[in-house]
Amino acid sequence: MVTGMSGRFDGFASSGEPGLCCREFSGSTVYRASNHVRPANQGKKDQPPKLLRQLKQALRARQYSLCTESTYCQWVKRSIFFHNVRYPAEMAEPEINAFLTHLAVKHKVNASTQNQALSALLFLYRHVIGHDIGELGDAVENSK
């Protein structure tokens, strides 16, 4: 039996539903999923899942780690915001190359970090969008 941990869990009580915990915050009850699984498309039966949700589903289907999932989602978000919130299906090789070059020149990232960003984007295009990326040309590698 584990002792000494009751302080970490004070205020949490079972809500009666399996997998949910609740905590009182100044009169309101806040629920959180204890198993880190959220229902997909709550109330939106006719809409396809959003891009990052599709990315997460594709990563989980291929049994990638949660750390890789988080990292890939961050790289995809950074790429989207770098291109002024353009949908990735509207972009192709030149935009990917521009993002990777930006990482090397402006942020001075290592080649391994650049490769990680490239892997995330390639996964997105191949397994979520369904577009094979062709030749990327010469992405600038930062030489330190």
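The values are calculated or read from the model by the stated rules, or taken from the named source; none is laboratory data. Everything numeric in this text was worked out from a predicted model, so none of it was measured. As a convention, Cβ positions derive from the backbone with ideal geometry for all residues, glycine included, and neighbour counts pool all protein chains shown. Calculation scope for accessible area: heavy atoms of the full protein, side chains included, ligands and nucleic acids excluded. Shrake-Rupley method; radii C 1.70, N 1.55, O 1.52, S 1.80 Å.
With each label point set 7 Å from Cα along the Cα-Cβ vector, what nm distance links V85 and Y64?
Label-label distance for V85 and Y64, simple model: 2.4 nm.
Of the heavy-atom accessible surface of the range 73-116 (probe 1.4 angstrom), what whole percent is carbon and sulfur?
53
How far apart, in nm, are the 7 Å Cα→Cβ label points at Q54 and E93?
Output for this residue pair reads 2.2 nm.
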